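Every number in this text was worked out from the coordinates using simple rules, so none of it is lab data. No experiment lies behind these values; they were computed from the predicted model shown. Cβ placement follows ideal geometry from the backbone for every residue including glycine, while neighbour counts extend to all protein chains displayed.
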Amino acid sequence: MVLASGTGTLLQALIDRSSKAYSIAAVITDRPCEAVDRAARAGIPYQVVTLTADDRDGWNRALRDAVAAYSPDVVVSAGFMRIVSADFLSAFDVVLNTHPALLPAFKGAHAVRDALAYGVKVTGSTVHKMDAGMDTGPIVAQWPVTISEGDDEATLHERIKIVERQLIVKVLEEGLWRDRK
């Protein structure tokens, strides 16, 4: 099961490498987006569960129910730019998230910008198990990315995305998410 919100490049990496090790039962998005198109082209069931400003609890329940209908072994948040509730998380054994930094450093939505502003020489990508905190769950795997002279947010983020795609596939192919509490 994959949750996505945008262009679906992480989803596409998962589609391209799906095998005996894992398959994608469905894709659920929070809005119409390119990830829906990628799922449709790959013949993967998809559903849009739209967040309404006035009913976040209802949205979390609807999202939980949509995902639960597929009984997934693991849920992958692949560029899903929404915070989900503790109730949503408790409904599934494992919910993985990709993050464009080496957690616990640079949590939140602006990790790449924050790493550049802080002046670190290395950042990277993390796959972690989601919990009720913001990017605080147990780390499953990390790969570093060196910050190059002249990097800006866009160039660095593109290099991190390349690593992020490889890392989430590795985690699923090798079942690394099973080894971490």
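Odds and ends about this structure:
- Within the chain: Cβ-based charge dipole about Cα centre, in debye rounded to nearest 20 (Lys, Arg +1; Asp, Glu -1): 360 debye
- Both radii come from the Cα set of the chain: Rg as radius of gyration, Rh as Kirkwood radius; their ratio Rg/Rh reads 0.95.
- Lys, Arg +1 and Asp, Glu -1 on Cβ, resulting dipole of segment 98-180 about Cα centre, debye, nearest 20: 220 debye
- Protection-proxy order for peptides 125-132, 145-152, 59-66, each taking the mean of Cβ atoms within 10 Å per residue, highest first: 125-132, 59-66, 145-152
- Fully extended contour minus Cα-Cα distance, from residue 118 to residue 42, at 0.36 nm per residue: 23.3 nm
- What the Cβ-Cβ distance of residue 50 and residue 149 gives, at R0 = 35 Å and to the nearest 0.05, is a FRET efficiency of 0.25.
- Think of segment 1-93 as having a plus end and a minus end, set by charges on the Cβ of Lys, Arg, Asp and Glu; of 27, 74, 39, 39 sits farthest toward the positive end of this dipole.
- Partners of residue 129 within straight-line reach, counting lysines whose Cα lies under 25 Å from its Cα and excluding those fewer than 8 residues away in the same chain: 20, 107, 161, 170, 181.
- Expected 222 nm ellipticity per residue - DSSP helices of 4 or more, -39500 (n - 2.57), all of the chain, to 500: -10500 deg cm²/dmol
- Segment 1-93: C-alpha gyration tensor shape, a/c 1.5 cut-off, then a/b vs b/c: oblate
- Take every DSSP beta bridge whose two residues both sit in the chain; close to 50 percent of them are antiparallel.
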